[in-house]
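Okay, so here's the structure we're looking at.
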Amino acid sequence: MKPASLEAYRLLHEGSLALAQIEGNGMKIDMPYLEKALETTQTKIWEKEEELKESKTFKLWTKHYGNKTKLGSHEQLGHLIFTVLEYPCTSYTPTGRPSTAEEAVEAVGLPFVKDWLYVQKLKKTRSTFLEGIRREVVDGKLHPFFNLNTTISYRPSSDRPNFQNLPVRDPEMGELVRRCFIPRKGYLLGDVDYVGIEVKIAACYHKDPTMLTYIKDPTKDMHRDMASQCYLLKANEVSKKTRYCGKNKFVFPQFYGDYYIRCAASLWNAIHQMKLEVEGTGLPLEKHLAQKGITKLGKCNPKQKPVKGTFEYHIKNVEDDFWGRRFKKYKQWKDRWHASYQEEGGFNTLVGFRVDGFLTRNQVINLPIQGDASHCLLWSVIQLQKWLNKYKMKTKILGLIHDSLVPDIYKPELGDVLDRVRQIMTVDLPKAWDWINVPLDVEIEISQTNWFEKKPYKEAM
């Protein structure tokens, strides 16, 4: 990928200057908390491992592997569960082998597996995140590196440590890490997130009328509608957790090139893992689906066709409807875009970059969307940093995480800074890039204590 226009070159040049200043600002770390978190996490790991080693399941594990037993081995655990113990597998790799991914092994419902996964999360959180932060702290501040040249889409990345890979989906692990980050004295820690920016930038490419309606009409909710269709619910029966599953286990996987087999397994496993219910009734979704005639997931094996009456078969039909009716124009754009790439060997993004070379179909479709979406944030950060410099503001930008920027806001400047942020991100950007054909919006959260305890702006104040 390379700049194909003067505007794209300036974006990289000015972006590098802004990110250099952001790196220098640094993030304040609560060192006493960090040391305590490292100590308590290690204690939990030791205690949980001892409990695992006393279980009947681990004794069977050691009986099978002898002195080659490795408690942390995914491969050995998968063999133990699906071959030795003969638990049914609900997810397979593309080659047809039982998957040993977290969702797949957790779906068996074995208490030993649940505890084993918990230990692995604790280990990763301690070694990758907590120790990674402590290793890089200088004088109580963390200065992650932000790069514009390490990903194929020129999407900003981070290292030493990877500030963009902090845990968020697991509440316990997310709290452990995010409590480390605190505002400077007299400051407020902020989080400004572009709402649905990748979906909106995708619409700038494919211009699907159904998608545009979802984006422009606040009364419509794509993720709720898909959760409703996937779980055979009415719109008012979709809970917040069920909507989350529709969004993250069907809609976005489909947009990024996944297919019904993995979506079906993920949606089905979530019923038990998240204890999903029909909103307002307390009826478990498992019983609700049984009332609709669906009692089994299905084989979810890419080498076998789905069987009618299974959840897998139902999700296959949902997928066909998703691309064949609901987002037909989006599907047509994907086919045209990929065909054009195959003919020309590359493509230009709306921002002005040229992408050439060998790419998979998913990369051809996703790279321009992910790249342009991240460049919306980069452009906004550049303008905000220029404004902060011009008026010698004390507020500092600390970093970028995918679709959001993290500022340390000097309290007396709060109103002015947030007004300027909204102006730049939702008004100035569409004026500068007139190919943006959808409204942009941001969500702002603020914390007076630490990053984990951030709340919507009005609530926090």
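The values are calculated or read from the model by the stated rules, or taken from the named source; none is laboratory data. Everything quoted here is computed from the prediction, not taken from an experiment. Backbone-built Cβ (ideal geometry, glycine too); neighbour counts: all protein chains shown. In case anyone asks, the SASA skips ligands and DNA or RNA and just uses the protein heavy atoms, side chains included. Shrake-Rupley method; radii C 1.70, N 1.55, O 1.52, S 1.80 Å.
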Check: Over its Cα atoms, what ratio of radius of gyration to 2.2 N^0.38 Å does region 181-289 give?
Finding: 1.30
Checklist line | Sequence-distant lysines (8 or more away, or on other chains) whose Cα lies within less than 26 Å of residue 394 | finding: 28, 141, 185, 386, 411, 454, 455, 458
Notebook entry, point to check: Can you work out D for region 299-447 in µm² s⁻¹ from Stokes-Einstein, where Rh is the Kirkwood radius over C-alpha pairs, the temperature is 10 °C and the viscosity is 1.306 mPa s?
Noted result: 83
Checklist line | Members of 56/275; 200/305; 240/331 lying beyond 32 Å, as alpha-carbon distances in this model show | finding: 200/305
Check: Given a 1.4 Å probe and every protein chain left where it sits, what share in percent of the accessible area of the chain is carbon and sulfur?
Finding: 50
Next item on the list: Round to a whole angstrom and tell me the spacing of the C-alpha centers of region 40-114 and region 162-234.
Entry: 32
Margin query: Order 434, 441 by their accessible area, 1.4 angstrom probe, all chains in place, largest first.
Written below: 434, 441
Notebook entry, point to check: Accessible area of residue 53, 1.4 Å probe, to the nearest 10 Å²?
Noted result: 90
Checklist line | Area accessible to solvent at residue 319, 1.4 Å probe radius, in Å² | finding: 30
Check: If Lys and Arg each add +1 and Asp and Glu each add -1, what is the summed charge of the other residues whose beta carbon sits under 13 Å from the beta carbon of residue 145?
Finding: -2
Note to self: Rounded to the nearest 20 debye, what is the charge dipole size of region 1-144 about its Cα centre when +1 sits on each Lys and Arg Cβ and -1 on each Asp and Glu Cβ?
What the structure shows: 360
Next item on the list: Can you work out the accessible area per residue across the chain, with the rest of the protein chains kept in place, probe 1.4 Å, in square angstrom?
Entry: 49
Next item on the list: Please give every one of the lysines within straight-line cross-link reach of residue 68, meaning a C-alpha to C-alpha distance under 16 Å, and leave out same-chain neighbours fewer than 8 residues apart.
Entry: 53, 59
Next item on the list: Kindly provide log₁₀ I(q)/I(0) values, in the same order as q = 0.17, 0.18, 0.20 Å⁻¹, from the Debye equation applied to equal alpha-carbon scatterers of region 131-235.
Entry: -1.04, -1.07, -1.14
Notebook entry, point to check: Which length gain, in nm to one decimal place, applies between residue 53 and residue 74 when the Cα-Cα distance is subtracted from 0.36 nm times their residue separation?
Noted result: 6.0 nm
Check: Within a Cβ distance under 13 Å of residue 294, other residues only, what is the Lys/Arg minus Asp/Glu net charge?
Finding: +3
Next item on the list: Add +1 for every Lys or Arg and -1 for every Asp or Glu among the other residues with Cβ under 11 Å from the Cβ of residue 283, and state the total.
Entry: -3
Next item on the list: For region 153-195, build the charge dipole from Cβ charges (+1 Lys, Arg; -1 Asp, Glu) around the Cα centre, then report which of 153, 195, 183 sits farthest towards its positive end.
Entry: 183
Check: Assuming R0 = 45 Å, what is the FRET efficiency of residue 102 and residue 6, from their Cβ-Cβ distance, to the nearest 0.05?
Finding: 0.50
Notebook entry, point to check: What is region 1-157 by shape, rounded, prolate or oblate, if you read a ≥ b ≥ c off the alpha carbon gyration tensor as root eigenvalues and call it rounded for a/c under 1.5, prolate for a/b larger than b/c, and oblate otherwise?
Noted result: oblate
Item checked: Residues of type aspartates and glutamates that residue 44 reaches as a straight line, Cα spacing below 17 Å, ignoring anything fewer than 8 places off in the same chain -> 35, 54, 115, 131, 170, 172, 175
Next item on the list: Identify, among 66, 119, 238, the residue whose Cα sits farthest towards the positive end of the charge dipole of the chain, taking +1 on the Cβ of Lys and Arg and -1 on the Cβ of Asp and Glu, with the dipole about the Cα centre.
Entry: 66
Notebook entry, point to check: When the helix-only estimate is applied to the chain (DSSP H runs of n ≥ 4, each -39,500 (n - 2.57), divided by the residue count), what is the mean residue ellipticity at 222 nm, nearest 500 deg cm²/dmol?
Noted result: -14500 deg cm²/dmol
Notebook entry, point to check: Rounded to the nearest 20 Debye, what is the dipole magnitude of the chain about its Cα centre when Lys and Arg each give +1 and Asp and Glu each give -1 at the C-beta?
Noted result: 560
Next item on the list: At a 1.4 Å probe radius, which order do 118, 194, 187 fall into by accessible area, largest first?
Entry: 118, 187, 194
Margin query: What value in Å³ per residue do you get for the convex hull of the alpha-carbon atoms in the chain?
Written below: 170
Checklist line | Tail fraction, Cα-Cα pairs, region 307-347, threshold 11 Å, whole percent | finding: 67
Notebook entry, point to check: Roughly how many Å² of residue 31 are accessible to a 1.4 Å probe, to the nearest 10?
Noted result: 50
